[in-house]
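Heads up, the thing below is written out as structure tokens.
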Amino acid sequence: MRILHVANFNLRKYGADLYATDRKLSNGLIRCGHLVYDFSYRDVCRNESPLRTTRFGRGGLAKKLKLACRRFRPQLLLLGHSELIDAETLAEVRREHPQMKLALWYVDALFHRDKTSHLFARRPHLDVIFATTGGELLAELAGDGCRAAYFPNPVDPSVECLRADESDDYDHDFIFCGRDANDPERQHFMESLALRAGKMMRCSFRGCLGNAPLTGADYLAALGRSRMALNISRRNDVFLYSSDRLAQLLGNGLLTFSPRVPGLDRLFGEEHLVHFDNLDDLLDKLAHFHRHEDQRRAIARAGRLQAHRVCGVERVCRFMLETVFAFPASDSYQWADQVYPSP
């Protein structure tokens with residue numbers, strides 16, 4: 001089929017976001033046999049503004065989206081993070097193309113309620129909203145004839161292509177790449193972790209503690225030259241929610257340490273990653289696997305294989321298409337019960 005994928009492809013970042021979810025999903029849909037046209041909505045919005053800003057380009061963006069639908073005639077209009085495209089525009093598109101399906105995916109946390117109002121506003125014109133949060137927060141998105149469904153952060157073999165678990169050449173024993181801005185509790189945790197772990201092993205903290213972030217190929221290269229890594233989100237008590245960092249770490253073969261996120265054991269068990277309960281527990285387990293190389297490699301390898309098997313982008317894309325078009329399920333998805341009908 002033809003799929004018009006409207007997302008934030010960040011053309012102006014010139015490769016810095018090569019591992020972003022929008023590109024992974026386009027890759028997966030193409031590998032599933034579909035024609036995908038990428039519509040970088042923020043770049044279009046700027047181009048349609050005389051001042052090259054998104055503030056004054058929304059009218060032009062709406063016109064160009066409708067033009068793209070007329071010319072491309074997609075069977076599916078798939079929206080990513082696309083808050084500049086309003087409900088009225090989607091209503092017009094739907095009236096002009098009544099046979100076309102409309103779906104939206106969202107990977108930011110649903111517990112940030114100030115950032116999700118646009119999802120509810122556009123819901124009456126969508127068939128499905130996909131989110132990387134499950135449970136009650138996901139169920140609340142269903143309504144106005146729109147279903148809500150969970151999908152895991154995808155792993156793309158062309159992006160998560162490294163095998164840190166097989167390497168013998170490392171720059172760091174432990175790495176964390178993530179931000180701590182405007183979060184004093186997170187910053188304190190990282191400060192304590194860096195101080196204490198740094199006495200045992202070679203550590204790298206990027207994007208936090210005053211250190212510059214890593215992006216693009218530099219980020220992937222740093223992962224490939226690290227033994228172990230930390231996955232932690234702003235909140236770790238939300239059903240099935242984790243940062244996409246988890247897919248990047250596991251998918252590239254790092255031994256990954258993560259808090260016990262509710263429901264995440266559906267995807268990854270104790271044999272795939274290392275859970276910790278608090279800072280002291282994390283430090284004890286870091287020290288253990290720093291000393292026991294064979295155990296580290298075994299769990300890291302199992303985690304990598306599981307991430308590519310369960311969360312592989314083609315499998316995730318098949319689930320999304322089967323959900324949107326009500327096709328029979330081609331696989332036993334671990335999250336299959338996280339599809340909520342409209343009340």
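The values are calculated or read from the model by the stated rules, or taken from the named source; none is laboratory data. Computed from a prediction, not measured in an experiment: that's the story for all the values here. FYI the Cβ positions are ideal-geometry reconstructions off the backbone, even for glycines, and counts take in every protein chain you see. Each accessible area value is taken on the protein alone, full model and side chains, heavy atoms only, with ligands, DNA and RNA left out. Shrake-Rupley method; radii C 1.70, N 1.55, O 1.52, S 1.80 Å.
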* **Surface accessible to a 1.4 Å probe, per residue, for the residues of region 233-343, Å²** => 41 Å²
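Compare His125, His290, His275 by solvent-accessible area with a 1.4 Å probe and give them largest first, with all protein chains kept in place.
I get His290, His125, His275, largest accessible area first.
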* Counting only C-alpha contacts under 8 Å and six or more residues apart, can you give the relative contact order of region 223-281 as a whole percent? => 36 percent
* Asked: Taking every DSSP beta bridge that has both residues in the chain, what percent is antiparallel when rounded to the nearest 5?
  -> 10 percent
* Asked: Of the listed peptides 257-267, 195-205, what is their order by residue-averaged count of other C-beta atoms within 10 Å, with the highest listed first?
  -> 257-267, 195-205
* Structure fact -> Placing +1 on each Lys and Arg Cβ and -1 on each Asp and Glu Cβ in region 194-343, then taking the dipole about the Cα centre, the residue among Leu214, His272, Ala247 whose Cα reaches farthest towards the positive end is Leu214
* **Accessible carbon and sulfur surface of region 169-226 relative to its total accessible area, %, 1.4 Å** => 48 percent
* Run the numbers on region 1-51 and let me know its relative contact order in percent, using alpha-carbon pairs under 8 Å that are six or more apart. => 55 percent
* Asked: Ranked from the most accessible area to the least, with a 1.4 Å probe and all protein chains present, what is the order of Asp168, Asp218?
  -> Asp168, Asp218
* Asked: For labels at Gln295 and Asp265 in the simple 7 Å Cα→Cβ model, what's the distance in nm?
  -> 1.9 nm
* To do: Over all alpha-carbon pairs in the chain, figure out the percentage whose distance exceeds 26 Å.
  => 50 percent
* Given the peptides 22-28, 41-47, arrange them by the average over their residues of other C-beta atoms within 10 Å, most packed first. => 22-28, 41-47
* Structure fact -> Percent of all Cα-Cα pairs per 10 Å bin for region 49-173, counting from 0 up to the last occupied bin, reads 11, 34, 28, 16, 9, 2
